[in-house]
Amino acid sequence: MKENFDIVLRNAKTRKGGDRLVDIAIKDGKIAEIAEKVSGIGEREINADGRLVTESFVNTHLHLCKVYTLEMMDEDALKDYHGETMGKAMTAIELAARVKEKYDEKWIIKNVRRAMKLAARNGVTHIRAFADVDNKAKLEGIKALLSAKEEFKDVVELQVVAFPQDGVVREPGAKELVEEAIKMGADVVGGIPWIEFTDQDEQSHIDAMFEIAKKYNKDVSMLVDDAGDPGLRTLEMLAVKTIKEGWVGRSLAHHARAMALYPEPYFQKVAALLKKAQMGVVSDPHTGPLHARVRELVKQGVLVALGQDDISDAYYPYGRNNLLEVVFLSSHILWMTTRSDMEKLYDMVTIDAAKAIGLKNFKLQKGAEANLVVLKESNLREVIRNHDEPLYVVSHGKLVDKDKFVN
């Protein structure tokens, strides 16, 4: 008797399979079988017709509470953040903070839904999403993201980050708000230590956030060294703290743009610390003129992922929650254009991105959770060239009805 499946993808190419076509069977949310010919029958049968089928996309970094807020402000912050040397990055953040004086869950959630619909259409099934928590934003962004987490849970899984964007030492009360956000249901403790004024305050910022992370057994995500200053050391501080606190594999560094200016001996030291801390680095090279040294980090064996970072906010005017677009842009910016480079960039928005945010068994293999995309093309170069939305998206074992997610 033939086995019944929820979905069977027929005649699919895979990244590791060359020109060989396979069938992929899905049942009870899992990949049940991968074979040249699956004999069972799917409740839904899809003919991939030789197109590429891969893991779905993972967005490791998105300031989701700020999406589509650029139209609410002037472009002063954008100009300062994108300045050639990024020397005014801190000023840009201070300018961008103006919009938070108007923060209200009621309008934030509308923008969030718009971005989440794009994620669903573009095959992004997991997002680590940041919500600002401070005396201006209060907990309005957190409320909106927690609502979206519940609303979209069957399609796009959110990891909500309580993020003290304006500092902890320089923003009294921010630590308490972060803890309150965690109590409300936020998943990850955020941080941005480089925003503080002194080295001592930067360390205090990291220490305060780790205190909360350990108290509530939460992972950590911090924006570090995000300016054109080779003297910034918060990436190193975060790695050392992660090792000392036994949080190995549970911390993630974002941006680290100052790394572009690090002297080589110091870069080698930091890379060694990152490996010891099992701490990945998320780079968003399309959203600023400096970026982490992605090629060198990969060569050193450090886990690297890519993220969208922003969608039409004070720091970046574009963005579609399309990780293939991010790969396309990164391929140019990083000059990663060989076939092996393309494969690695694709890893950075799929399997490596999943590792970076703690997802387990996120692979196209039997027994893994079925988070897959059927792409429009049959090879990776054409996929990246066109960076179009997938033909089909399977999220948590279910076929996404993309028609429901039209903005």
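The values are calculated or read from the model by the stated rules, or taken from the named source; none is laboratory data. What you see is a predicted model; the values in this text were computed from it and never measured. Cβ: placed from backbone, ideal geometry, glycine included. Neighbour counts: every protein chain shown.
Would you check if there is a residue in the stretch 310-320 being surrounded by fewer than 24 Cβ atoms within 10 Å (Cβ to Cβ) and either under 30 Å from ILE34 (Cα atoms) or in contact with a Pro (Cβ under 8 Å, 6 or more places away or on another chain) (or both)?
No, the stretch 310-320 contains no residue that is surrounded by fewer than 24 Cβ atoms within 10 Å (Cβ to Cβ) and either under 30 Å from ILE34 (Cα atoms) or in contact with a Pro (Cβ under 8 Å, 6 or more places away or on another chain) (or both).
Quick one: would you say LYS175 is at pLDDT 95 or above, on the phi < 0 side of the Ramachandran plot and part of a loop (DSSP other than H, G, I, E, B)? Lay out the reasoning, then the answer.
Values: at pLDDT 95 or above: yes; on the phi < 0 side of the Ramachandran plot: yes; part of a loop (DSSP other than H, G, I, E, B): no.
No; evaluated as a whole, the condition is false for this residue.
Need at least 2 residues that are touching a His at 6+ places or on another chain (Cβ under 6 Å), buried (at least 20 other Cβ atoms within 10 Å of the Cβ) and of a type outside the set (S, T, N, Q) per element, so show me which strands (runs of 3 or more DSSP E) inside the stretch 1-69 make the cut, counting only ones lying wholly within it.
Details: elements: 4-12, 22-27, 30-35, 41-47, 53-55, 57-62.
In the stretch 1-69, the matching strands (runs of 3 or more DSSP E) lie at 57-62.
Listed residues LYS2, LYS30, LYS79, LYS16; which is among the basic types (Lys, Arg), at pLDDT 95 or above and at negative phi? Explain how you work it out, then say what you get.
Details: LYS2 fails: at pLDDT 95 or above; LYS79 fails: at pLDDT 95 or above; LYS16 fails: at pLDDT 95 or above.
Within the list LYS2, LYS30, LYS79, LYS16, the selection yields LYS30.
How many residues are in a loop (DSSP other than H, G, I, E, B) and surrounded by fewer than 22 Cβ atoms within 10 Å (Cβ to Cβ) if we restrict to the stretch 116-154? Step through it out loud before you land on a result.
At the first step, the residues of the stretch 116-154 found to be in a loop (DSSP other than H, G, I, E, B) are 122-123, 133, 135-137, 139, 152-154.
The next check asks that each one be surrounded by fewer than 22 Cβ atoms within 10 Å (Cβ to Cβ); those that pass are 135-136, 139, 152-154.
Total meeting the criteria: 6.
Which residue pairs have Cβ atoms closer than 7 Å, lie 6 or more positions apart in sequence or on different chains, and pair a first residue in the stretch 163-177 that is farther than 16 Å from MET222 by Cβ with a second residue that is among the polar types (S, T, N, Q)?
GLY173/ASN135
Of the numbered conditions (1) surrounded by fewer than 24 Cβ atoms within 10 Å (Cβ to Cβ); (2) more than 29 Å from GLU176 (Cα to Cα), GLU236 satisfies every one except a single condition; which is it?
Exception for GLU236: condition (2).
So in the stretch 325-373, with the set limited to residues that are farther than 20 Å from THR14 by Cα and of a type in the set (Gly, Ala, Ser), which one is surrounded by the fewest Cβ atoms within 10 Å (Cβ to Cβ)?
Taking the candidates together, the pick is GLY358.
Are any of the residues in the stretch 318-325 of a type in the set (A, V, I, L, M) and under 18 Å from ILE127 (Cβ atoms)?
Within the stretch 318-325, the first condition is being of a type in the set (A, V, I, L, M), and the residues that meet it are 323-324.
Right, trim to under 18 Å from ILE127 (Cβ atoms) and you get 323-324.
Within the stretch 318-325, one or more residues are of a type in the set (A, V, I, L, M) and under 18 Å from ILE127 (Cβ atoms).
Name the residues in the stretch 341-376 that are assigned to a strand (DSSP E or B) and within 23 Å of ASP309 (Cα to Cα), would you?
Filtering the stretch 341-376 for residues assigned to a strand (DSSP E or B) gives 369, 372-374.
LEU372, VAL373, listed by residue number.
Out of all the residues in the stretch 125-164, which are closer than 17 Å to LEU323 by Cβ and touching a Leu at 6+ places or on another chain (Cβ under 6 Å)?
ILE127, ALA129
So which residues in the stretch 181-191 are outside any helix (DSSP H, G or I) and either touching a Phe, Trp or Tyr at 6+ places or on another chain (Cβ under 7 Å) or not assigned by TED's automatic domain parsing to the domain that holds THR234 (or both), if there are any at all? Spell out the reasoning first.
Within the stretch 181-191, the subset outside any helix (DSSP H, G or I) is 185-191.
Hit for the stretch 181-191 is GLY190, nothing else.
Tell me, yes or no, whether the stretch 99-112 has at least one residue that is modelled with pLDDT under 90, under 15 Å from GLY167 (Cβ atoms) and buried (at least 20 other Cβ atoms within 10 Å of the Cβ). It would help to see each step written out before you state the result.
Applying the first criterion (modelled with pLDDT under 90) to the stretch 99-112 yields 99-102.
Okay, now just the ones that are also under 15 Å from GLY167 (Cβ atoms), so 100.
Checking the rest, the ones that are also buried (at least 20 other Cβ atoms within 10 Å of the Cβ) come to 100.
There is at least one residue in the stretch 99-112 that is modelled with pLDDT under 90, under 15 Å from GLY167 (Cβ atoms) and buried (at least 20 other Cβ atoms within 10 Å of the Cβ).
If you take the residues of the stretch 85-98 that are over 24 Å from the mean Cα position of the chain (by Cα) and either part of a loop (DSSP other than H, G, I, E, B) or at pLDDT 80 or above (or both), which of them is nearest to VAL67 (Cα to Cα)?
LYS88
In the stretch 197-210, which residues are surrounded by fewer than 18 Cβ atoms within 10 Å (Cβ to Cβ) and over 18 Å from LEU252 (Cβ atoms)? Please lay out each step first, then the result.
Taking the stretch 197-210 and keeping what is surrounded by fewer than 18 Cβ atoms within 10 Å (Cβ to Cβ), we get 197-201, 204, 207.
Answer for the stretch 197-210, where residues must be surrounded by fewer than 18 Cβ atoms within 10 Å (Cβ to Cβ) and over 18 Å from LEU252 (Cβ atoms): PHE197, THR198, ASP199, GLN200, ASP201, SER204.
One residue is enough: does the stretch 386-393 have a residue meeting the conditions surrounded by fewer than 23 Cβ atoms within 10 Å (Cβ to Cβ) and assigned to a helix (DSSP H, G or I)?
Residues of the stretch 386-393 that are surrounded by fewer than 23 Cβ atoms within 10 Å (Cβ to Cβ), as a first pass: 386-389, 391-392.
Keeping just the survivors that are assigned to a helix (DSSP H, G or I) gives 386.
Within the stretch 386-393, one or more residues are surrounded by fewer than 23 Cβ atoms within 10 Å (Cβ to Cβ) and assigned to a helix (DSSP H, G or I).
Quick check on my filter: what residues within the stretch 125-135 are in contact with a helix residue (DSSP H, G or I) (Cβ under 6 Å, 6 or more places away or on another chain) and either in contact (Cβ under 8 Å) with a residue 60 or more places away in the chain or more than 27 Å from SER251 (Cβ to Cβ) (or both)? It would help to see each step written out before you state the result.
Our first condition is that a residue be in contact with a helix residue (DSSP H, G or I) (Cβ under 6 Å, 6 or more places away or on another chain); within the stretch 125-135, this holds for 129, 131-134.
Those that are in contact with a helix residue (DSSP H, G or I) (Cβ under 6 Å, 6 or more places away or on another chain) and either in contact (Cβ under 8 Å) with a residue 60 or more places away in the chain or more than 27 Å from SER251 (Cβ to Cβ) (or both): ALA129, ALA131, ASP132.
Exactly one of these conditions fails for ALA258: (1) touching a His at 6+ places or on another chain (Cβ under 8 Å); (2) hydrophobic (A, V, I, L, M, F, W, C); (3) closer than 23 Å to VAL161 by Cβ. Give me its number.
(1)
Go through the stretch 326-350 residue by residue and tally those that are without any contact (Cβ under 8 Å) to a residue 12 or more places away in the chain and within 22 Å of ILE127 (Cα to Cα).
Final tally of qualifying residues: 1.
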